[in-house]
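Trainee: Have a look at this one before I ask anything.
The values are calculated or read from the model by the stated rules, or taken from the named source; none is laboratory data. This is a predicted model, so every value here is computed, not measured. All Cβ positions, even for glycine, are placed from backbone atoms using ideal geometry, and neighbour counts span all protein chains on display.
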Amino acid sequence: MKEKIKIAFQGEKGAYSHLACLEVFPNVEATACSTFEEAFQLARDNSEYKIVIPIENSLAGRVADIHYLIPKYKLQIHAEHFQKVKHNLLGIKGSKMKDIKTVRSHAQALGQAQKFISDNKLISVISADTAGSAKFISEKKDKSEGAIASDLAAKIYNLDILKSNVEDESGNVTRFFIMGKDSKHPELKNKKYITSCIFKLKSIPAALYKALGGFATNGVNLCKLESFSVKNTFEQVNFYIDIEGHIEDPSLQKALEELGFHTQKLDVLGVYEAHQFRFKNK
């Protein structure tokens, strides 16, 4: 029998991170962690573990703190995964839509289903996470209480799905990183790759303009560039970039070499295959 892959994620069992784990690794031993930092610590201290961590959402933007935890724990990005988020209204067994008076979930999930909540005159209760809300109503066993969570949470906590796809907008997708201690890069083949880096610029005028010039002159495309403050100061920022290409591509190597001239620090976070979601509308 094939040994199960050990994966850690943040949240209760049934969270969207747990769902992402199962989609990426069907044969998985998933460990729930109460915080992102706990998950990072587990993977740092146990080389047999990987973590599945949300990095950004198409509606809510960047996930807080992840950009600080990645360089702190020095884990490598092994892959990316794009997870469709489908919100469901869950209730205890035997409950009906007409029974529900209050609905609890994570603040983002409630915000993303605001029209549904308003149309049905429901009272919102903010909770720590979606799956935790499902677990709560399963234990309380009150027909008047519902939760907005995944269909996986409904299965785990033996709840009924009273209404599917209650989100106000379609196209709600979360990008996840699969990370671990192994720093080996995939072999360069005829595939699409992403190289992710974090860098800190030298304190000189037009440093960012100069630093990015090498990507233009070498024909290398950036698919993400964002800044985030160095902790405890507003005067210094780090930059996170996703680059199209493999670190062994000569053109990308030249671009990174030029970037290095203008930075105090440059860390390659990982090289990995670009997920097929990136090309579905191309």
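Trainee: Need the failing condition index for N165 against (1) in contact (Cβ under 8 Å) with a residue 24 or more places away in the chain; (2) at negative phi, just the number.
Mentor: All conditions pass for N165, except number (2).
Trainee: A further question on this structure: Please name all residue pairs, on different chains or six or more residues apart, with Cβ atoms under 6 Å, provided the first residue is in region 120-149 and is at pLDDT 95 or above and the second residue is crowded, with 22+ Cβ neighbours inside 10 Å and of a type in the set (F, W, Y).
Mentor: So the pair list comes out as A134/Y157; K135/Y157; S138/Y157.
Trainee: Which one is farthest from K224 (Cα to Cα) among residues in region 235-262 that are within 27 Å of the chain's Cα centre (by Cα) and among the polar types (S, T, N, Q)?
Mentor: Q236
Trainee: Going through D182, D151 one at a time, which residue ends up being surrounded by fewer than 19 Cβ atoms within 10 Å (Cβ to Cβ), within 26 Å of D119 (Cα to Cα) and not aliphatic (A, V, I, L, M)?
Mentor: Sole residue among the options that is surrounded by fewer than 19 Cβ atoms within 10 Å (Cβ to Cβ), within 26 Å of D119 (Cα to Cα) and not aliphatic (A, V, I, L, M): D151.
Trainee: Could I ask something else about it? Which of (1) outside any helix (DSSP H, G or I); (2) touching a residue at least 24 places away in the same chain (Cβ under 8 Å) is the odd one out, the single condition A30 does not satisfy?
Mentor: Only one criterion is unmet by A30, namely (2).
Trainee: I would also like to ask the following. Restricting attention to region 98-106, does a residue exist that is charged (D, E, K, R), over 18 Å from N57 (Cα atoms), touching a Phe, Trp or Tyr at 6+ places or on another chain (Cβ under 8 Å) and outside the structural domain of Y16 (by TED's automatic domain parsing)?
Mentor: Taking every residue of region 98-106 in turn, at least one turns out to be charged (D, E, K, R), over 18 Å from N57 (Cα atoms), touching a Phe, Trp or Tyr at 6+ places or on another chain (Cβ under 8 Å) and outside the structural domain of Y16 (by TED's automatic domain parsing).
Trainee: Next up: Counting only residues that are aromatic (F, W, Y), give me the strands (runs of 3 or more DSSP E) lying completely in region 197-282 with at least 2 of them.
Mentor: Passing ranges, in order: 237-244.
Trainee: Please go through region 82-99 and pick out each residue that is buried (at least 18 other Cβ atoms within 10 Å of the Cβ) and within 30 Å of E187 (Cβ to Cβ).
Mentor: If the condition is that a residue be buried (at least 18 other Cβ atoms within 10 Å of the Cβ) and within 30 Å of E187 (Cβ to Cβ), then Q83 is the only one that fits.
Trainee: Has region 143-152 got any residue that is among the hydrophobic types (A, V, I, L, M, F, W, C) and within 18 Å of the chain's Cα centre (by Cα)?
Mentor: Scanning region 143-152, I find at least one residue that is among the hydrophobic types (A, V, I, L, M, F, W, C) and within 18 Å of the chain's Cα centre (by Cα), so the answer is yes.
Trainee: Given the conditions (1) in contact (Cβ under 8 Å) with a residue 40 or more places away in the chain; (2) within 26 Å of L259 (Cα to Cα); (3) of a type outside the set (D, E); (4) assigned to a loop (DSSP other than H, G, I, E, B), report the number of the one that N190 does not fulfil.
Mentor: It is condition (1) that N190 fails.
Trainee: Can you name the number of the only condition in (1) touching a strand residue (DSSP E or B) at 6+ places or on another chain (Cβ under 8 Å); (2) exposed (fewer than 13 other Cβ atoms within 10 Å of the Cβ); (3) basic (K, R) that K189 fails?
Mentor: With (1) touching a strand residue (DSSP E or B) at 6+ places or on another chain (Cβ under 8 Å); (2) exposed (fewer than 13 other Cβ atoms within 10 Å of the Cβ); (3) basic (K, R) applied to K189, the lone miss is (1).
Conditions tested, residue by residue: (1) over 13 Å from the mean Cα position of the chain (by Cα); (2) farther than 20 Å from S150 by Cα; (3) buried (at least 24 other Cβ atoms within 10 Å of the Cβ).
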position: C21; (1), (2), (3): no, no, yes
position: P26; (1), (2), (3): yes, no, no
position: A30; (1), (2), (3): yes, no, no
position: F36; (1), (2), (3): no, no, no
position: L42; (1), (2), (3): yes, yes, no
position: D45; (1), (2), (3): yes, yes, no
position: E48; (1), (2), (3): yes, yes, no
position: I53; (1), (2), (3): no, no, yes
position: E56; (1), (2), (3): no, no, no
